[in-house]
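Below is one structure, written out as structure tokens; comments come after it.
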Amino acid sequence: MSLHNADFETGVVINVQGDNAVVELNLNVGCEACGARIVCLPDGSGRKRLNVANPIHAKIGNTVMISETSQFLLKLSALQYGVPLLGFLAGIFLIYYSGFGFGGIPPEVTAFSGGIIGLFLSAFLSRHWAHHLAETGHSFFSIQKIDIHALLGRLI
């Protein structure tokens, strides 16, 4: 996946289905750290495919520039990081203010243990929601333009 600027990723259209397309992206170092990697569909060749909206009617074989729509990455980040944080805090406060404790264990340690349990439960829930969101088939990215430089390079 080559990064032209902070707003666009490039890929090659491999399938067109009505107003949507499947774009094949090359793997790069940033893929492993990307929060949106759950919406990329890896195939056997090590490439990733992305369902995208195709408002400009790109054709199979076109190298295209795609970008995010509807602030999907911000929402996904809030889901992946915000929900576990809230679970951690809820676990701490719920245990601490309920007065729940074990014999000689300090209440702070018990509350922290409740926070860890809340963190794991909410992280599991968050991961489940994120995967469900990715499996809906909704396109969170859109083709913005055809990469003219790649098109000219093939013609020359």
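The values are calculated or read from the model by the stated rules, or taken from the named source; none is laboratory data. The structure displayed is predicted, hence computed values, not measured ones. Because the Cβ atoms are built from the backbone with ideal geometry, glycine has one as well, and the counts that use them run over all protein chains shown.
Conditions (1) out of contact with any strand residue (DSSP E or B) (no Cβ under 6 Å at 6 or more places or on another chain); (2) aromatic (Phe, Trp, Tyr), marked per residue:
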residue: Thr63; (1), (2): no, no
residue: Ser67; (1), (2): no, no
residue: Phe72; (1), (2): yes, yes
residue: Ala78; (1), (2): yes, no
residue: Gly82; (1), (2): yes, no
residue: Gly91; (1), (2): yes, no
residue: Tyr96; (1), (2): yes, yes
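With respect to the conditions (1) modelled with pLDDT of 95 or more; (2) under 30 Å from Phe8 (Cβ atoms); (3) of a type in the set (Val, Ile, Thr), Ile117 lacks only one, and its number is (2).
For the criterion of being under 30 Å from Ala53 (Cα atoms), among the small types (Gly, Ala, Ser) and touching a Ser or Thr at 6+ places or on another chain (Cβ under 9 Å), Ser126 fails. Annotation note: of Ile60, Ile105, the sole residue that is free of Cβ contacts under 8 Å to residues at least 12 places away in the same chain and part of a loop (DSSP other than H, G, I, E, B) is Ile105. Restricting attention to the range 42-57, does a residue exist that is buried (at least 17 other Cβ atoms within 10 Å of the Cβ), in contact with a His (Cβ under 7 Å, 6 or more places away or on another chain) and modelled with pLDDT of 85 or more? For the range 42-57, residues buried (at least 17 other Cβ atoms within 10 Å of the Cβ), in contact with a His (Cβ under 7 Å, 6 or more places away or on another chain) and modelled with pLDDT of 85 or more: absent.
Taken as a whole, the condition of being farther than 30 Å from Val52 by Cβ and loosely packed, with under 15 Cβ neighbours inside 10 Å does not apply to Glu135.
What is the one condition in (1) over 18 Å from Arg127 (Cβ atoms); (2) surrounded by 17 or more Cβ atoms within 10 Å (Cβ to Cβ); (3) modelled with pLDDT under 80 that Val29 does not satisfy? The number of the failed condition is (2). Leu86 meets all of the listed conditions (1) closer than 30 Å to Ala21 by Cα; (2) at pLDDT 75 or above but one, namely (1).
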